[in-house]
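K.L.:
Starting off with a structure, shown below.
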Amino acid sequence: MLTPTFIILADRGCLKAFAIEDTATRGAVPRLVENFQIADAHGRYEDKVSDQAGSFPTGGTLGQGNSIAETLTRESEMESRIFRQLAEHITNLLRQHQPELWAFAAPSEINGAIIDGLDRDLHEKLRWNLKRDLIHTDASELLARFEDA
């Protein structure tokens with residue numbers, strides 16, 4: 001099996017990048033080169049935004065009820081912004097390190113959104129794309145996880 005020269009792991013608020021170093025004694029060993037946290041992704045949604053004027057009145061209840069539908073748009077916009085930030089950071093890392101082949105892992109529900117945000121030329125060198133959350137996996141186990149897939 002070919003070995004990636006760069007591995008990137010992501011979840012909704014964190015990105016870790018590993019360069020694979022080939023040592024004579026231990027073989028290929030991942031070395032952490034980046035641990036990036038997105039501040040907007042951490043914490044409760046209610047702590048980040050508030051509607052100081054009150055919630056959104058709905059006309060169907062004669063002024064007695066309020067709608068919360070507007071919040072879903074804000075939450076999805078915030079999530080899209082996070083995915084764009086992750087994709088931009090991955091693009092910068094790949095341009096900086098210029099790996100021959102690289103591997104990526106992110107949970108299935110966000111994997112496609114992040115990959116779609118990358119420049120097309122970076123897709124050519126993407127050899128392994130796992131739809132798994134490996135962000136907390138020990139570095140020594142990473143290559144085995146990609147080999148098993």
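No value in this document is a laboratory result; all are computed from the given coordinates. The model shown is predicted, which means the values in this text are computed figures rather than measured ones. Neighbour counts run over all protein chains shown; Cβ positions are idealised from the backbone, glycine included.
K.L.:
Rounded to whole Hz and in sequence order, give me ³J(HN,Hα) for segment 14-23 from the Karplus expression 6.51 cos²θ - 1.76 cosθ + 1.60, θ = phi - 60°, writing x for Gly and Pro.
P.N.:
Karplus values, whole Hz, x for Gly and Pro: 9, 9, 10, 10, 10, 8, 9, 9, 9, 9.
K.L.:
Cut-off is 10 Å between beta-carbons; in what order do Thr5, Thr25 appear when sorted fewest neighbours first?
P.N.:
Going from sparsest to densest Cβ surroundings: Thr25, Thr5.
K.L.:
Give, as a single signed number, the net charge of other residues whose beta carbon lies under 13 Å from the beta carbon of Val33, with Lys and Arg counted +1 and Asp and Glu -1.
P.N.:
Its environment carries a net charge of 0.
K.L.:
So, one more: Once the other residues with Cβ under 10 Å from the Cβ of Gly117 are scored (Lys, Arg +1; Asp, Glu -1), what is the net sum?
P.N.:
For residues surrounding Gly117, the net value is -2.
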